[in-house]
């Protein structure tokens with residue numbers, strides 16, 4: 001690998017590492033495991049000497065690699081851990097009151113997402129949490145764009161229904 005390729009690789013790491021760790025964290029539930037998954041993916045990417053400029057979309061390629069690594073991780077470990085949000089460094093910089101609110105909101109949203117079918121939950125997370133476009137989601141999951149959009153739509157509709165039921169129970173609305 002020449003110096004130019006190493007510089008391109010470093011640029012990719014800087015650009016996507018935090019997003020990929022966040023993506024993996026939401027899938028495996030452990031910040032440390034998410035970091036390991038991303039680091040191992042970058043090591044494989046580097047050791048295979050994949051030329052970044054020859055990839056159609058390096059972002060989609062890396063997300064797909066992380067997606068597959070998370071599936072393998074869950075398969076091997078037979079579960080998702082769900083660490084507390086305190087293990088995620090970005091959370092520790094938030095004021096105490098909003099910190100508590102954020103943790104509670106995370107737990108509530110995670111519980112609602114776990115009630116969705118996995119194919120809908122995955123796409124809602126990718127779109128809303130990871131802020132990926134439907135084109136990127138379709139590339140990563142290797143599904144048609146229309147399928148990604150319809151799964152998102154049905155997932156959001158189920159989340160709205162669940163939220164409204166929760167409001168009725170909690171607030172008598």
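Just so it is clear, none of the values below were taken in a lab; they were calculated from the coordinates. Values in this document were obtained by computation on a predicted structure and should not be read as measured data. Cβ atoms come from the backbone with ideal geometry, glycine included; neighbour counts cover every protein chain shown.
Between residue 150 and residue 36, the FRET efficiency estimated from the beta carbon spacing at R0 = 41 angstrom works out to 0.75.
From the alpha carbon centroid of the range 104-165 to that of the range 16-39 is 18 Å.
Applying 1/(1 + (r/R0)^6) with r as the Cβ-Cβ distance of residue 18 and residue 78 and R0 = 41 angstrom yields a FRET efficiency of 0.90.
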